[in-house]
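Accompanying notes for the structure given below.
The values are calculated or read from the model by the stated rules, or taken from the named source; none is laboratory data. Since the structure is predicted, the reported quantities are computational estimates derived from the model, not experimental observations. Note that each Cβ is placed from the backbone with ideal geometry, even for glycine, and that neighbours are counted across all protein chains shown.
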Amino acid sequence: MTALVHTRDELAAARSATTGTVGVVMTMGALHEGHRALLRAAREQADRVIATIFVNPLQFGPNEDFDRYPRTLDADLAVCADAGVDLVFAPDRPEMYPAGEPMVRVDPGPLGERLEGASRPGFFHGVLTVVLKLLQVTRPDLAFFGEKDYQQLTLVRRMVRDLDVPVRIVGVPTVREPDGLALSSRNRYLAPAERQAALSLSAALRAGAEAAELGRDAEAAARVAFDSSRAKLDYLVLTDPDLGPPPARGPGRLLVAAWVGSTRLIDNVAVEVPSAT
Ligand code: PAF
């Protein structure tokens with residue numbers, strides 16, 4: 001049975017009564033198959049699973065979609081129950097931030113200013129701050145994050161390492177629609193024509209990964225394949241797996257962000273960069 005708690009006190013009481021290893025899946029709700037994959041991984045790897053549902057105001061800019069972000073608690077609880085979640089923590093804003101906006105926030109460092117951070121100033125301060133708070137109150141052994149938000153996953157790993165947070169971070173592969181579109185809560189903003197246009201992102205990444213397999217330049221091939229008549233490119237970049245400069249050869253990551261109408265979408269894939277010789 002899935003228990004639902006809204007306050008830290010209720011969470012603390014439920015957490016103290018929990019035995020075995022605990023896995024946490026943090027979400028902002030509007031759960032989809034991508035979240036189900038996270039919950040499944042947690043169910044497989046931990047004895048008890050906690051899911052958190054909180055639309056974190058700190059990670060939305062002034063012109064972003066905080067007010068219209070989908071809030072679907074009843075449906076989310078049904079997903080959690082179906083996925084075998086033991087406990088759902090769904091606090092409201094005053095419960096998470098009792099003193100109002102926190103004065104002290106986690107600084108993501110230079111990586112937080114690039115890629116997503118360049119377009120969304122303060123975004124990763126907001127993400128890492130709430131992730132650290134949720135780790136403190138849920139006290140998990142394992143925490144599961146999707147590779148879909150690759151920069152977030154990388155920064156969470158880095159925060160846990162740099163700040164000695166006693167938790168193991170587990171990355172879970174992106175879930176895609178059959179036509180390649182990466183699942184995202186924001187996909188529900190897309191009108192049918194925009195849904196088609198959104199395929200520009202995954203098509204570009206696929207072209208990049210295939211080019212790399214053939215020994216060609218992944219980033220250049222992805223740029224050619226990106227359909228800029230249907231989506232507005234923000235960035236398309238090849239990095240190493242830690243989001244550093246592109247490797248001369250070996251494992252890399254190809255990342256893209258683009259606007260489709262008024263919706264900003266991101267996606268990424270692993271690529272194997274061929275040796276230049
Ligand atoms: O990935 C998300 O849904 C959010 O950024 C997270 C990790 C739940 C923090 O609000």
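Consider residue 142 carefully, then state whether it is buried (at least 18 other Cβ atoms within 10 Å of the Cβ), more than 13 Å from the ligand (Cβ to nearest atom) and within 24 Å of residue 88 (Cα to Cα). So residue 142 passes the test. Comparison of 170, 131, 160, 156 shows that the only residue that is surrounded by fewer than 21 Cβ atoms within 10 Å (Cβ to Cβ), part of a helix (DSSP H, G or I) and within 15 Å of the ligand (Cβ to nearest atom) is 160.
Would you check which residues across the stretch 240-274 are in contact with a Lys or Arg (Cβ under 7 Å, 6 or more places away or on another chain), assigned to a loop (DSSP other than H, G, I, E, B) and farther than 18 Å from residue 111 by Cβ and list them? Once the filter is applied, which keeps residues that are in contact with a Lys or Arg (Cβ under 7 Å, 6 or more places away or on another chain), assigned to a loop (DSSP other than H, G, I, E, B) and farther than 18 Å from residue 111 by Cβ, the stretch 240-274 yields only 274. Sub-8 Å Cβ pairs linking a first residue in the stretch 207-224 that is in contact (Cβ under 8 Å) with a residue 40 or more places away in the chain to a second residue that is among the acidic types (Asp, Glu), at least 6 apart or interchain, are 208/219; 212/272; 213/272, ordered by first then second residue. Looking only at residues of the stretch 107-128 that are over 30 Å from residue 19 (Cβ atoms) and among the aliphatic types (A, V, I, L, M), we find that the one that is nearest to the ligand (Cβ to nearest atom) is 127. Could you check the stretch 1-29 and list, in sequence order, the residues that are of a type in the set (Lys, Arg) and either exposed (fewer than 13 other Cβ atoms within 10 Å of the Cβ) or in a strand (DSSP E or B) (or both)? Answer for the stretch 1-29, where residues must be of a type in the set (Lys, Arg) and either exposed (fewer than 13 other Cβ atoms within 10 Å of the Cβ) or in a strand (DSSP E or B) (or both): there is none. Do we have residue 43 as at pLDDT below 95 and out of contact with any Ser or Thr (no Cβ under 6 Å at 6 or more places or on another chain) here? In short, no.
Of the listed requirements (1) touching a residue at least 40 places away in the same chain (Cβ under 8 Å); (2) away from the ligand (no atom under 13 Å from the Cβ); (3) closer than 23 Å to residue 242 by Cα; (4) part of a helix (DSSP H, G or I), residue 137 misses just one: (3).
Could you look through the stretch 213-239, keep only residues that are touching a Gly at 6+ places or on another chain (Cβ under 6 Å) and not in a strand (DSSP E or B), and pick out the one that is nearest to residue 60 (Cα to Cα)? Taking the candidates together, the pick is 222.
A single member of 220, 193, 209 is surrounded by 15 or more Cβ atoms within 10 Å (Cβ to Cβ) and not hydroxyl-bearing (Ser, Thr, Tyr), and it is 209.
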